[in-house]
């Protein structure tokens with residue numbers, strides 16, 4: 001019970017090996033930064049060596065950094081409709097980093113077809129997959145593993161957390177010490193609280209028994225396909241099985257909720 005396989009279908013995920021030797025799903029959280037440090041092959045080169053703040057928009061394409069001569073045709077990066085043209089040819093898989101983004105540290109990887117908008121702040125170690133949007137005002141504080149086709153949205157803060165492919169937090173969210181499964185969606189204003197007001201490790205109540213996680217900080221474990229309504233809050237130590245629904249304005253009590261639960 002509470003193994004990664006109870007929440008996620010990660011066997012074919014590119015980074016699924018992060019769950020290797022993890023018995024209880026929350027045990028993956030202390031592994032995130034060491035895993036990223038061992039796996040990241042930074043691809044930003046001189047961009048982070050010269051200055052963390054980008055003055056101009058650049059395009060990454062096949063290990064090259066293009067600073068001029070390209071045309072952007074905005075679209076939805078997660079659907080592959082954001083295009084970059086150069087000499088009348090489409091640069092398929094090109095990555096766009098807008099001027100005004102801030103990239104702190106060398107341990108940052110951004111995948112093909114992804115877009116980083118102005119005002120985004122990304123600190124390493126952070127690994128971002130393909131066709132992912134890091135929107136204006138997003139704040140990635142390090143220890144962030146973001147899959148393919150994800151959205152880290154406007155004024156969304158993320159730290160020491162995992163988003164499996166297709167997970168989206170489009171607006172005003174907090175994602176700390178948490179794992180979002182495949183195709184999860186956070187409604188605007190969702191906050192995943194990760195620190196108890198009372199000191200001590202976080203314990204999960206299950207079948208009238210306490211399971212001590214040994215962690216001072218634990219936000220939410222959110223199974224594949226789970227969604228939250230706008231302005232919802234999860235308490236520290238919340239485990240939501242696959243395809244749960246959390247209503248808008250709901251405060252979710254800590255504990256385990258089996259798959260397909262409706263919380264309102």
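None of the figures in this text is laboratory data; all of them are computed from the coordinates on show. In this text, all values refer to a predicted model and were calculated from it rather than measured experimentally. Please note: Cβ atoms are built from the backbone with ideal geometry, for glycine as well, and neighbour counts cover all protein chains shown.
Numbers at a glance
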quantity	calculated
Residue within the stretch 5-13 that is over 20 Å from residue 183 (Cα atoms), touching a helix residue (DSSP H, G or I) at 6+ places or on another chain (Cβ under 7 Å) and surrounded by 15 or more Cβ atoms within 10 Å (Cβ to Cβ) present	no
Selection count, the stretch 114-127, where residues are surrounded by fewer than 23 Cβ atoms within 10 Å (Cβ to Cβ) and in a loop (DSSP other than H, G, I, E, B)	3
Residue count, the stretch 202-218 (criterion: free of Cβ contacts under 8 Å to residues at least 40 places away in the same chain and not in a strand (DSSP E or B))	4
Hits in the stretch 209-231 - residues which are on the phi < 0 side of the Ramachandran plot and surrounded by fewer than 24 Cβ atoms within 10 Å (Cβ to Cβ)	209, 210, 211, 212, 213, 215, 216, 217, 224, 227, 229, 230
Test result for residue 199, assigned to a loop (DSSP other than H, G, I, E, B) and closer than 17 Å to residue 166 by Cβ	no
Unique match (being more than 16 Å from the chain's Cα centre (by Cα) and within 15 Å of residue 157 (Cα to Cα)) among 233, 246, 211	233
Tally of residues being in contact with a strand residue (DSSP E or B) (Cβ under 8 Å, 6 or more places away or on another chain) and either within 25 Å of residue 11 (Cβ to Cβ) or part of a strand (DSSP E or B) (or both) across the stretch 219-246	17
Those residues of the stretch 176-192 which are part of a loop (DSSP other than H, G, I, E, B) and either touching a strand residue (DSSP E or B) at 6+ places or on another chain (Cβ under 6 Å) or surrounded by fewer than 20 Cβ atoms within 10 Å (Cβ to Cβ) (or both), in sequence order	177, 178, 181, 183, 184, 187, 188, 189, 190
Residue that is farthest from residue 28 (Cα to Cα), among those in the stretch 132-175 that are in contact with a helix residue (DSSP H, G or I) (Cβ under 7 Å, 6 or more places away or on another chain), in contact (Cβ under 8 Å) with a residue 60 or more places away in the chain and in a strand (DSSP E or B)	151
